[in-house]
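J.: Submitted below is the structure of interest, expressed as structure tokens.
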Amino acid sequence: MVGVTASALLGMMNPLLGRLGSLLEREDVNLQVHRQVIFLRDELSSMSNTLKMVSESEEASTQVKDWMHQLRELSYDVEDCIEVFMHHHGRVATCEGFIQKIISKVITLKAHYHIGIQINELKERVMEVSDRRKRYRIDPSTLLPKSVAIDPRLPALFEEADRLVGIDNQMDKLVQWLTDGISLHTPRKVVSIVGFGGLGKTTLANQVFQKVRSQFDCTAFVSVTRSPNLKKILNDTLLQFLKSGPITADQNQDTARVHEDLYLKTFEYPQMVQMTRDYLQNKRYLVIIDDLWSKQAWKEIQCAFPQNNNASKIITTTRVEDVAKYCSFPHKEYVYPMMPLDCDDSKSLFLKRIFSNKDDCPRELNELTDDILRKCHGLPLVIVNIASLLATKPNSKREWERVRNSLGCALEQDPEMEQVKRILFLSYCDLPNYLKICFLDLSIFPEDHVIGRLCLIRKWIAEGFIAEQQGQNLEDTAENYFSELINRNMIEPVGTDYSGKPRACRVHDIMFDLIISLSVKENFVTIMSDHKLTPSTNKIRRLSLQGNCAEQSIRLGAHSLYQVRSFTAFGDVGRVPSLLNFHILRVLDIQNCPSLEDRDIENIGRLSHLRYISLYNSNIGKIPSQIGKLQHLQTLDLRATRIKELPATIAQLHQLVRLCVPNGVVLPNGIGDMTALEELSMFDASKNSPEVVQELGNLNKLKVLGIKWCGYNAINDEGSFKKSLVSSFHNLGERNLHSLRIDTTERCSVDFLFDSLCPHPCQMRKSSNRLIFARLPKWISCLSVLTNLVMFIEEVDCRDVDVLKDLPALRCLQIFTTEYPKESLTISPNGFQCLEDFHFRPSMYLKKKKGMMSLIFEAGAMPRLNRLWFRFVVHDTLSIYGADFDFGISLLSSLKCLWVSINCRGAMVWEVDVAKAIIRNTAALLPNRPRHEIHTFGEEDMIEDEEQDSRAAE
């Protein structure tokens, strides 16, 4: 493992050398400091070259390992010294006026004096470390070479159902258990899937979940982990139930209120149990409880799921056989043991990951394939990762032999490490140095945490992990790093955005264990979780609180927190350490922590090195005016807090790139001076003055804008207010605006804004407007680079379709209407050439209208469409077209996901059953056999057969 340690250290050393080089380019650094920095750079560069030699080895002496650990701590301290020095110079550069300049001279001299002392101390340490290296005679000839160096590229681990192997029979058995007697009033049933890590329990459960979920009123899929946070688990479960369940018009407001309470309030365990039971009492529910580790956890979780007689179902997955038997109900035989893949399925999965067709495997590699697969023991996770090591290598016998030999070495080394982890360790070893440090950063998150892509890459930037590359900004480079980790199967993607990029990621629990062990070994992170502390004899560099850590937080002294670069907290951790103890903090990320209060951040202005702040979903109600001192701050995320107003000093944050605030926040005058701002959401136009709205147009770099619109502010002149808003939109539209979202809580006209939008926002790539347009804005046709459009419109017709189909870059289109179309909308083969995601949703609260079918797809229409979601009125459709309709869905050859929502008002039971059967049969005949869900609403207004006969007789 010494090579891994050296590689991770290189990932930190290379950015450090770059910062030393930047320091040498400054003209305001005096000659003595300049010479000392040159010495540090040259010595560390020499050590970096030695590290490269060490990184090519597998084993080294204890002395060499000790040298690397000392070099790691030295590198941290050198970086801290540079950080403090450049920060002082940054403050001096902002001084204006004669007196201030005199003061700045004094500060500069003082800074040079202090850095001179620090660098002298660091020089002595560098010389000691260098002498130690020479004494140990670290030489590449004394080190054992690595068995293989591999650079894989492969799609993500989660595949569509049709690409999974060895799963059909398993799915059929579980589906049978779940659907037997589903139409009857049977008691709740619990099915357990059991097997050791890497067998694919979660994948199987997810595929079964997707296949049967449409037969249940509400559904949820939650992970438990080894140290379950019961309140969070039940909170997430109820949120998913609310999202997936039926919502009638009179329940809509109540559901919205519960949603808000779950996000903003903290409920105790008994309250969460009762809320969940109340919601589920008369519903047929399906829930997956993934990764159970103990009987006690099941006892506490299952209390929330009532034993009603609605044929509800629960699936649990676990590695522990006793737990599986304990959960299954009403019979112990509802335990499904996961088995490894057999030889044929293993080979099929392995070769499909490497070749486009498994028959393309060269004959001379067949024997090697069998050798490799014997070492994988039929574990899908292991097979996928080994295939990743071969995916982009030449398909030569020599390369495959090297991988086979490397795999054999991995299984022989470190007998204390589980076999699966030893194999996954090869994938980590193969990461480039710049990816290793980003990968280790995932250890700051709790197990099974869904990690937002944008939040993650922005933290990497704030930490200094991302090196500048020619022709790319830092965010683009970080995006590439994230994509590479996904392509290497190191992290799993979660969802996709309008551009096709993953919205978030998750780390497989076995890989997560590996990350934690490596991070602790490298003193990368210190984790406090459930009254436990990861052991560390070194200084704390990154601190992550997970669970209630109030007592431990109090015991953390100021000295131990002095050099913490990143402080993260997840959930209700209790009181956080005083911010006065942090001196060089760059990242402050506190999520879902209701115990965080205003007093906890009153000294935030002292954290002058901060680049990233997120206080998402906390109890913060006021931001101190000191925040204006954070001149390096790039991201400020205050969503889901109680903040209603930002201090005037916020306008002094000239490096701020992203500002995210909750609805209704009042911004101060002067925001037009925040010239670095690229993202602002959500800006409540109705709560701010016309002057602030006018200043919005001065933000030349603004790319992402979210606005809430509820009409003009009653205390201001309407004409002045509208004029300011139109002016700002004009300025933003002709510059860099890429994404625009407008939300409203009431119906109000915005024709004055969009009809006069000139010049047109030609750079717009995403538009998500929750305003209800009377008609499609004319300028939509000018958006040649628009990729994502969410539009609320009163009624859509064929003329609107003709406009939208010619948008050349459109990939995602969502249309919500308040009325059903008066005529069927025909989608022809001309246009929509790039569209992948199409949602067409007339309001579900409308009464039925006669004479329309909603959508008709012609042959060749939407050739790239992957996902389709639409609604239709079943009675009218059958009355006009009979039982032969399929909307042309059978012609959508690329379709992979299909959601259909059926308006049952005025229909009879048999009509609904016929419509469901048509949709299912059509989906089954498509080439990709798309995953499909059918939802119904309006059942309360259906017609009984007797009533229909009575009407016919009249």
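J.: Using the structure shown, decide if LEU280 is hydrophobic (A, V, I, L, M, F, W, C) and not assigned by TED's automatic domain parsing to the domain that holds ARG213.
T.: Answer is no for this residue.
J.: Tell me, yes or no, whether the stretch 444-456 has at least one residue that is in contact (Cβ under 8 Å) with a residue 60 or more places away in the chain and in a helix (DSSP H, G or I).
T.: Yes, the stretch 444-456 has at least one match.
J.: Another question, then. Having 2 or more residues that are surrounded by fewer than 21 Cβ atoms within 10 Å (Cβ to Cβ) is the bar; report the strands (runs of 3 or more DSSP E) wholly within the stretch 284-339 that clear it.
T.: It comes to 335-337.
J.: Looking at the stretch 861-879, which of its residues are of a type outside the set (Val, Ile, Thr) and under 37 Å from the mean Cα position of the chain (by Cα)?
T.: Across the stretch 861-879, the qualifying residues are ALA861, MET862, PRO863, ARG864, LEU865, ASN866, ARG867, LEU868, TRP869, PHE870, ARG871, PHE872.
J.: Could I ask something else about it? Which of the residues spanning the stretch 603-618 are of a type outside the set (Gly, Ala, Ser) and either in a helix (DSSP H, G or I) or touching a helix residue (DSSP H, G or I) at 6+ places or on another chain (Cβ under 8 Å) (or both)?
T.: ASN603, ILE604, ARG606, LEU607, HIS609, LEU610, ARG611, TYR612, ILE613, LEU615, ASN617
J.: Got at least one residue in the stretch 800-808 being within 29 Å of GLY245 (Cα to Cα), of a type in the set (A, V, I, L, M) and modelled with pLDDT of 85 or more?
T.: no
J.: Something else about it: Here are some conditions: (1) touching an Asp or Glu at 6+ places or on another chain (Cβ under 9 Å); (2) assigned to a strand (DSSP E or B). LYS347 meets all but one. Which one does it not meet?
T.: In the conditions (1) touching an Asp or Glu at 6+ places or on another chain (Cβ under 9 Å); (2) assigned to a strand (DSSP E or B), LYS347 misses (2) alone.
J.: Restricting to the stretch 607-626, give me the number of residues that are crowded, with 17+ Cβ neighbours inside 10 Å and out of contact with any Asp or Glu (no Cβ under 9 Å at 6 or more places or on another chain).
T.: Of the residues in the stretch 607-626, 4 are crowded, with 17+ Cβ neighbours inside 10 Å and out of contact with any Asp or Glu (no Cβ under 9 Å at 6 or more places or on another chain).
J.: Oh, and also: On the basis of being among the β-branched types (Val, Ile, Thr), modelled with pLDDT under 85 and not assigned by TED's automatic domain parsing to the domain that holds SER843, does THR744 make the cut?
T.: When the stated conditions are applied, THR744 passes them.
J.: In the stretch 540-561, what count of residues is obtained for those that are at pLDDT below 80 and either more than 15 Å from ASN229 (Cβ to Cβ) or not in a loop (DSSP other than H, G, I, E, B) (or both)?
T.: Counting residues in the stretch 540-561 that are at pLDDT below 80 and either more than 15 Å from ASN229 (Cβ to Cβ) or not in a loop (DSSP other than H, G, I, E, B) (or both) gives 11.
J.: Give the stretch 465-513 a look and list any residue that's assigned to a helix (DSSP H, G or I), farther than 27 Å from ARG811 by Cβ and modelled with pLDDT under 85, or say none.
T.: ASP509, ILE510
J.: Further question on the same structure: Could you check, for the stretch 673-687, whether at least one of its residues is outside any helix (DSSP H, G or I), touching a residue at least 24 places away in the same chain (Cβ under 8 Å), of a type in the set (Val, Ile, Thr) and crowded, with 19+ Cβ neighbours inside 10 Å?
T.: No: zero hits.
J.: Can you find a residue in the stretch 644-659 that is more than 20 Å from ALA685 (Cβ to Cβ), acidic (Asp, Glu) and not in a loop (DSSP other than H, G, I, E, B)?
T.: No; the residues of the stretch 644-659 include none that is more than 20 Å from ALA685 (Cβ to Cβ), acidic (Asp, Glu) and not in a loop (DSSP other than H, G, I, E, B).
J.: Further question: Against the definition (modelled with pLDDT under 90 and in the same structural domain as SER828 (by TED's automatic domain parsing)), how does ARG920 come out, yes or no?
T.: So ARG920 fits the description; yes.
J.: Quick test of your reading of the structure: VAL661 fulfils all but one of (1) without any contact (Cβ under 8 Å) to a residue 60 or more places away in the chain; (2) touching a helix residue (DSSP H, G or I) at 6+ places or on another chain (Cβ under 7 Å); (3) under 26 Å from HIS609 (Cβ atoms). Name the failing condition by number.
T.: Unmet condition: (2).
J.: If you check LEU239 against the conditions, is it in a helix (DSSP H, G or I), under 28 Å from the mean Cα position of the chain (by Cα) and modelled with pLDDT of 85 or more?
T.: In short, yes.
J.: Another question, then. Out of the residues in the stretch 850-876 meeting the condition of being in a helix (DSSP H, G or I) and at pLDDT 85 or above, tell me which one is farthest from THR817 (Cα to Cα).
T.: HIS875
J.: Please tell me if LEU580 is modelled with pLDDT under 90 and not in a loop (DSSP other than H, G, I, E, B).
T.: yes
J.: Another question about this same structure. Please indicate, with yes or no, whether at least one residue in the stretch 580-594 is on the phi < 0 side of the Ramachandran plot, touching a Pro at 6+ places or on another chain (Cβ under 7 Å) and buried (at least 20 other Cβ atoms within 10 Å of the Cβ).
T.: Within the stretch 580-594, none of the residues are on the phi < 0 side of the Ramachandran plot, touching a Pro at 6+ places or on another chain (Cβ under 7 Å) and buried (at least 20 other Cβ atoms within 10 Å of the Cβ).
J.: Let me ask another. Could we say that TYR612 is of a type in the set (Phe, Trp, Tyr) and in contact (Cβ under 8 Å) with a residue 60 or more places away in the chain here?
T.: yes
J.: Quick check on my filter: what residues within the stretch 894-933 are more than 23 Å from ARG864 (Cα to Cα), touching a strand residue (DSSP E or B) at 6+ places or on another chain (Cβ under 9 Å) and touching a residue at least 40 places away in the same chain (Cβ under 8 Å)?
T.: ASN903, ARG905, GLY906, ALA915
J.: Right, another one. Yes or no: TRP400 surrounded by 21 or more Cβ atoms within 10 Å (Cβ to Cβ), in a helix (DSSP H, G or I), at pLDDT 90 or above and of a type in the set (Phe, Trp, Tyr)?
T.: no
The values are calculated or read from the model by the stated rules, or taken from the named source; none is laboratory data. Computed from a predicted structure; not experimentally measured. Note that we place each Cβ from the backbone using ideal geometry, even for glycine, and neighbour counts take in every protein chain shown.
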